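Trainee: Submitted below is the structure of interest, expressed as structure tokens.
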2 protein chains.
Amino acid sequence: MKGKPDYNIPEPTLRRLPRYYNYLKALLNRGREVVSCTHIGKDLELDPPQIRKDLAYTGIRGLPKVGYQVEELIKSIEDFFGWNNIDEAFLVGVGNMGRALIDYKGFSRYGFKIIAAFDNDSEVIGKTFNGIEVLALNKLTSLCKRMNVHIGVIATPDHAAQEVADMMIAGGIIGIWNFAPAEIRTPEGVIVQNENLAAGLSVLCKKLQMLKQSGKIRQEVIE
Amino acid sequence: MKGKPDYNIPEPTLRRLPRYYNYLKALLNRGREVVSCTHIGKDLELDPPQIRKDLAYTGIRGLPKVGYQVEELIKSIEDFFGWNNIDEAFLVGVGNMGRALIDYKGFSRYGFKIIAAFDNDSEVIGKTFNGIEVLALNKLTSLCKRMNVHIGVIATPDHAAQEVADMMIAGGIIGIWNFAPAEIRTPEGVIVQNENLAAGLSVLCKKLQMLKQSGKIRQEVIE
DNA sequence: TAGAAATCGAGAAAAATTTATCGATAAAAA
DNA sequence: TTTTTATCGATAAATTTTTCTCGATTTCTA
């Protein structure tokens, strides 16, 4: 039904890998040199065979009885995702979410850099946040073309999302990271990653609700 | 699978339901009264049987040849998640992400409300954002107990996450929505929902990378 | 150096999730 | 009224993802 290109790497794996990465970085900071799947599994509450399989996708090989070299493993994940070649992106919508994304220093670690922001509110146009200038929205399409940017971040209210997406696509953007709670329609060949905070929140609240209904609630609060 | 609530709801379903909800709200705004899975499927690029199955978890029943009443469906999802009884939450970490969450008006729709924020930076303690006061971090545990709050949001840097989680748990919190890129250890009976922005970003970048490698890149940019 | 222990890699088995099928039913058309 | 069509609900099939199993390999210990 969905005309998606066939990626043979499971998406759950793709989502777990950055988690291993963060964890491994922390391990390295603490001076650890080797680590086994058994060990990772204990800390991350995942099954060792699954971790082994996930890591294998990046092409790493471990040593029986020992595990993996932490540093090598980190590099393997970085190479797998191509985090060494920085992807430049444009962000549209300098509200709170937009600013949080602009200000977040951590994305450079993932080979991702927001190089300009756009808005149509004259209050913010011309201002600079975290070294990133806010430009007028009507320049978006032409600048995408001129600067050959092909990733766009949408952090606008939902009603503006489709229009912004259209402008991005007209400018040649092929990957959209969408934070607006709206569905956006795109032509074949454009990849949309929806980041829906409500999804995670709903999962949490539903699980709590079920926990409460089951009566297995934690009561041993230290008074 | 009729009537009785099912405690084995697939997590993918739980994550899709809020998406249907947003979509249905938009439909209702445009004046639509009934909708079929076929129709939803076209707009959301999902298979109708899957949508039908997802919606069935909320207990709704459709009519052959017609579909579902939009308004009824919206209500069914709301009831399913319990979005009518507001869950109150404390947030810790009033950096950019924390402020984005505080400022985001949309959570009330999901029965979720941040009622106070905490930080240990004297620069922000005492300030108010979007009507929410920032309190000193050392009051967190006692206030959790006193106000009987049981959901906590962590929006601190990674190195503070575990400590904050421990304070929350000591105060009786049983659900943690974690935005810090760190693993937190919790006792049995505490639910942690990790919101890892890097995961979504990585999926997007990897898919783009694979798209580029496959040579199937979109070139028809309107010049 | 021999034997034990830990862990890997590969592939099989199991579980979860998605997709397809089909009879039933309601509305619309003939 | 009868036939046709769209859609539902339930269930079966297929696919994907996770978990298990087991032989092989490396290190540690005696």
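The values are calculated or read from the model by the stated rules, or taken from the named source; none is laboratory data. Keep in mind the model is a prediction, meaning the values are calculated, not measured. With ideal geometry, Cβ positions are generated from the backbone for all residues, glycine too; neighbour counts draw on all protein chains shown. These area figures cover heavy atoms from the full protein model, side chains too; ligands, DNA and RNA do not enter into them. Shrake-Rupley method; radii C 1.70, N 1.55, O 1.52, S 1.80 Å.
Trainee: To the nearest 20 debye, what is the magnitude of the charge dipole of chain B about its Cα centre, counting +1 on the Cβ of each Lys and Arg and -1 on the Cβ of each Asp and Glu?
Mentor: 840
Trainee: Counting only protein heavy atoms and rolling a 1.4 Å probe, how much accessible area do A and B lose on contact, total for both sides, in Å² to 100?
Mentor: Working: alone 14440 and 14370 Å², together 22000 Å².
The contact between B and A buries close to 6800 Å².
Trainee: Follow-up question, since we're still on this one. Could you pull out the longest piece of chain B with no exposed loop trypsin sites (Lys or Arg not before Pro) in it, calling a site exposed if DSSP puts it outside H, G, I, E, B and it has at most 15 other Cβ atoms within 10 Å?
Mentor: Here the longest segment lacking exposed loop sites spans B:66-126.
Trainee: Treat every Asp and Glu Cβ in the protein assembly as shown as -1 and every Lys and Arg Cβ as +1, leave all other atoms uncharged, and give the resulting dipole magnitude about the Cα centre to the nearest 20 debye. Working shown, then result.
Mentor: Details: 56 positive and 52 negative charges, 205 e Å.
About 980 debye.
Trainee: At 25 °C and 0.890 mPa s, grab the translational diffusion coefficient of the stretch B:151-223 from Stokes-Einstein with a Kirkwood Rh over Cα pairs, rounded to a whole number in µm² per second.
Mentor: Rounded to a whole number, D works out at 167 µm²/s.
Trainee: While we're looking at this one, here's another question. In whole Å, largest first, what are the principal axis extents of the Cα atoms in the protein assembly as shown?
Mentor: Principal-axis extents of the protein assembly as shown (Cα, largest first): 67, 59, 50 Å.
Trainee: Can you give the local net charge around residue A:167? Use residues other than it whose beta-carbon is closer than 12 angstrom to its beta-carbon, Lys and Arg +1, Asp and Glu -1. Let's see the in-between values first.
Mentor: Working: positive: A:139, A:145; negative: A:163, A:166.
Residues near residue A:167 contribute 0 overall.
Trainee: Right, another one. Only bridges whose two residues both fall in chain A count here: according to DSSP, what percent of them are antiparallel, nearest 5?
Mentor: Taking every DSSP beta bridge within chain A, about 20 percent pair in antiparallel fashion.
Trainee: In addition: How much of the accessible area of the protein assembly as shown, probe 1.4 Å, is carbon plus sulfur, in whole percent?
Mentor: Percent of accessible area from carbon and sulfur atoms in the protein assembly as shown: 48.
Trainee: Can you tell me the dipole magnitude for the stretch B:93-223 around its Cα centre, using point charges on the Cβ only (Lys, Arg +1; Asp, Glu -1), in Debye to the nearest 20? Write down the numbers at each step before the final one.
Mentor: Values: 14 positive and 13 negative charges, 95 e Å.
With only Lys, Arg, Asp and Glu charged at Cβ, the dipole is about 460 debye.
Trainee: Going toward the positive end of the dipole of the stretch B:64-198, with +1 on Lys and Arg Cβ and -1 on Asp and Glu Cβ, which of B:177, B:69, B:155 do you reach last?
Mentor: B:69
Trainee: Eigenvalues of the Cα gyration tensor times 5, then square-rooted: what semi-axes does that give for chain B, in whole angstrom, largest first?
Mentor: Computed over chain B, the values are 36, 25, 17 Å.
Trainee: For the stretch A:180-214, list residues with backbone N below 20 Å from a point placed 7 Å from the Cα of residue B:103 toward its Cβ?
Mentor: A:180-182, A:195-198
Trainee: Give the residue list of GluC sites (Glu not before Pro) in the stretch A:175-218 that are DSSP loop and have at most 14 other beta-carbon atoms within 10 angstrom.
Mentor: Within the stretch A:175-218, the qualifying GluC sites (Glu not before Pro) (loop, at most 14 other Cβ atoms within 10 Å) are A:188.
Trainee: What average number of partner chain Cβ atoms lie no more than 10 Å from the Cβ of the residues making up A:188-194?
Mentor: On the way: counts 2, 6, 3, 9, 3, 9, 3.
Whole-number average of other-chain Cβ neighbours for A:188-194 is 5.
Trainee: Going by amide H atoms built from the backbone, whose H comes under 5 Å of the H on residue A:191, apart from near neighbours?
Mentor: A:175, A:176
Trainee: For the pairs B:53/B:145; B:25/B:105; A:105/A:145; A:212/B:75; A:53/B:207; B:75/B:139, note any where the Cα-Cα span goes beyond 28 Å.
Mentor: On the way: B:53/B:145 40 Å; B:25/B:105 16 Å; A:105/A:145 26 Å; A:212/B:75 22 Å; A:53/B:207 19 Å; B:75/B:139 38 Å.
Violating the 28 Å Cα-Cα cut-off are B:53/B:145; B:75/B:139.
Trainee: Counting helices only, and only those DSSP H runs with n ≥ 4, report the 222 nm mean residue ellipticity of the protein assembly as shown as the sum of -39,500 (n - 2.57) divided by its residues, in deg cm²/dmol to the nearest 500.
Mentor: Calculated from helices alone, the mean residue ellipticity at 222 nm is -13500 deg cm²/dmol.
Trainee: Just the number: Rg to Rh for the stretch A:87-199, Cα atoms, Kirkwood Rh, two decimals.
Mentor: Result: Rg/Rh = 0.92.
Trainee: Turning to a different aspect of this structure: Skip the ligands, DNA and RNA, and give the accessible area per residue of the protein assembly as shown with a 1.4 Å probe, whole Å².
Mentor: Each residue of the protein assembly as shown exposes 49 Å² on average to a 1.4 Å probe.
Trainee: Further, regarding this structure: Once you have the Kirkwood Rh of the stretch A:13-144 from its Cα pairs, apply Stokes-Einstein at 20 °C and 1.002 mPa s and quote D in µm²/s.
Mentor: D, rounded to a whole number, is 126 µm²/s.
Trainee: Another question, if that's okay. What is the spin-label model distance, in nm, from residue B:139 to residue B:188 if the labels are put 7 Å beyond Cα along the C-beta direction?
Mentor: It is 3.6 nm.
Trainee: Return the equivalent ellipsoid semi-axes of the stretch A:11-81 as a descending list in whole Å, where each equals the square root of 5 times an eigenvalue of the C-alpha gyration tensor. Don't skip to the end; give the middle numbers.
Mentor: On the way: eigenvalues 47, 37, 31 Å².
Working through the eigenvalues yields semi-axes of 15, 14, 12 Å.
Trainee: If amide H atoms are built 1.01 Å from N in the plane of the peptide, which residues on other chains or at least 5 residues away come under 5 Å of the amide H of residue A:153?
Mentor: Counting only residues 5 or more places away or on other chains, the set is A:90, A:91, A:92, A:177.
Trainee: For the residue pair residue A:130 and residue A:84, what label-to-label distance in nm results when each label sits 7 Å from Cα along the Cα-to-beta-carbon direction?
Mentor: Once both label points are built, they end up 2.5 nm from each other.
Trainee: Starting from the Cα of residue A:212, step 7 Å along the direction of its Cβ; do the same at residue B:29; then give the gap between the two resulting points in nm.
Mentor: 2.9
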